[in-house]
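Here's the structure we're looking at; comments come further down.
The values are calculated or read from the model by the stated rules, or taken from the named source; none is laboratory data. Quick caveat: nothing in here was measured; it's all calculated off a predicted structure. FYI the Cβ positions are ideal-geometry reconstructions off the backbone, even for glycines, and counts take in every protein chain you see. These accessible areas exclude ligands, DNA and RNA; they are computed on the full protein's heavy atoms, side chains included. Shrake-Rupley method; radii C 1.70, N 1.55, O 1.52, S 1.80 Å.
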Amino acid sequence: MGSWVMSLERASKRESEFEPMASLGENHLAEDWARVRARLLAEVGEVEYRTWLKQVTLSGLTGDELVVTLPTRFLRDWVNKEYGELITAFWQAENGAVRRVEFRTAPASARSNAPSLAEPVAAPVPAAPSAKPEGSSAPLDPRFTFDTFVVGKPNEFAYACARRVAEAPASAGFNPLFLYGGVGLGKTHLMHAIAWELSTRQPGRAPVSVAYMSAEKFMYRFINALRSQSTLEFKNELRSVDVLMIDDLQFLIGKDNTQEEFFHTFNALVDAGKQIVVSADKSPSDLSGLEDRLRTRLGCGMVADLHATTFELRYSILEAKAQRAGVDVAPKVLEFLARKITSNNRELEGALNRLVAHANLFNRPLTLETAHEVLHDVLKAHDRKISIQEIQKRVCEHYNIRIAEMSSARRARNIARPRQVAMYLAKILTSKSLPDIGRHFGDRDHTTVMHAVNRITQLIAQDAAFAEDVELLKRTLEN
Ligand code: ADP
Ligand code: MG
């Protein structure tokens, strides 16, 4: 199976493969390219576009093969792997002469004969780490570093553990490091960050070889090794690394042979003083279906939980991402997103990307209205999660009143105020209309709901203790 710990160099067959090509003017290639780029931007969103695709340069067409270049081999391989099909499909649609797209590397100086195109996006490319991890088996996302990881209450412990492992792999008490939490909470980000940190040469430290891969990839490799009768080679390669990272271990559930192999590798590495980092969607004890002895060993080191995000963390993440992308997003819009998109950070980022792409394409400022419009479908999906009933229940628990009071006609302050709070929360946490909300509160009129919303908004502005109370309710509802 060849060298299993794949180095990024190996993926490139040809060095310095750039050769200038003629005839950019023919076939209207430059115009087609501009259209392909616009479609790519619309398809992947602005942040991704700017991180990866902006650096693709059109080189020329030879026969039915269109050649594009990227400044580094890493970028070339990544873009080819992640976007190759998309780029090819868009080219084929734009220009019937193109059958294939070839990705090459070209030094920046050799790229000067490329057509200069109007850039759909003006802001600078976020700096990707220049270090390339030696011997890492899967490419690392250059955006997933410690620098770009926003730390807050829900993830500070996991972050601290990850930092510690990156600074001093295989320290007592931190081996293995087991990171767990729901989808999109930052497990993969932290693992890549550890890998980046370790693979960046530090003065006075021996180079560290890191193998990072998903559990699925691990399984795939293992099965291939079995097939091609190269399991010994597989084992040796795997056991030669200093740090082994397996992402999404839950995929090994029910895959007994692979689990067994992983278990042995795990033991061999730990015995040799090497670091293991594993992520999963559940804690070791909750990963039922995993062999007991493996489960026990996984729980032996440090187990760190990534909790569900909070409003504060979501807001900070959005702020950081917007800043990194070089776009100015009004705090109001950030707040809106952080309140509405509560499931996980991936969705949050996706929503921001869509907004930014939209604003760029139509050259419109990012207002709350635009946000509502563009994210219509996402918001609708989220509304299903916070229901008016749920809001009423929480508010009643909080103020210690009966749920029937939400619909009753009683006007006593200790009843009416919580009812107003519930209406207010229904307004800001769901996208239900005022009449709709009114119906849930004993068929009240929409003007009553509007009055409640105004009254509570006013009170929040005047009374800090009250504001805190409402904020607390809001937060518990969102999480
Ligand atoms: P998981 O592996 O837990 O499913 P990821 O690590 O893939 O989640 O994170 C999903 C997305 O959210 C990624 O783009 C990641 O960069 C981003 N993300 C998650 N947590 C944070 C954070 N604390 N700061 C910045 N970005 C984050
Ligand atoms: Mg992940």
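A few notes on this one:
- Beta bridge orientation in the chain: antiparallel %, DSSP, nearest 5: 15
- Take the chain with all the other protein chains still there, run a 1.4 Å probe, and you get 46 Å² of accessible area per residue.
- Compactness of the chain, expressed as Rg and Dmax over alpha-carbon positions, Å: 26.7, 83
- Looking at region 330-403, the chymotrypsin sites (Phe, Trp or Tyr not before Pro) that sit in a DSSP loop and have at most 16 other Cβ atoms within 10 Å of their own Cβ are PHE362.
- Two numbers describe the Cα atoms of region 36-77: Rg and Dmax, which are 11.3, 33 Å.
- Among the helices of the chain, those built from whole DSSP H runs whose Cα atoms reach 15 Å or more along their own axis and whose mean Kyte-Doolittle hydropathy is at least -1.0 are 29-44, 73-94, 156-167, 187-199, 215-227, 256-271, 311-324, 345-361, 388-399, 413-429, 446-462, 464-478.
- At an R0 of 41 angstrom, the distance between the Cβ atoms of LEU86 and ASN267 translates into a FRET efficiency of 0.45.
- Among MET213, MET450, the sequence by solvent-accessible area, most first, with a 1.4 Å probe is MET450, MET213.
- Farthest toward positive dipole pole in the chain [+1 Lys/Arg, -1 Asp/Glu at C-beta], among ALA93, VAL56, VAL470: VAL470
- Ordering of 30-36, 407-413, 81-87 by packing is 30-36, 81-87, 407-413, highest average first (other Cβ atoms within 10 Å, averaged per residue).
- Ordered from highest to lowest accessible area with the whole protein assembly present and a 1.4 Å probe, LYS54, LYS385, LYS153 read as LYS153, LYS385, LYS54.
- Anisotropy class of region 388-478 from Cα gyration tensor, a/c 1.5 cut: rounded
- Rg over Rh, two decimals, region 156-306 (C-alpha only, Kirkwood Rh): 0.95
- Note on LYS380: aspartates and glutamates with a C-alpha under 14 Å away, same-chain residues under 8 apart excluded, are GLU347.
- Relative packing of peptides 68-77, 434-443, 465-474 - highest average C-beta neighbours within 10 Å first: 68-77, 434-443, 465-474
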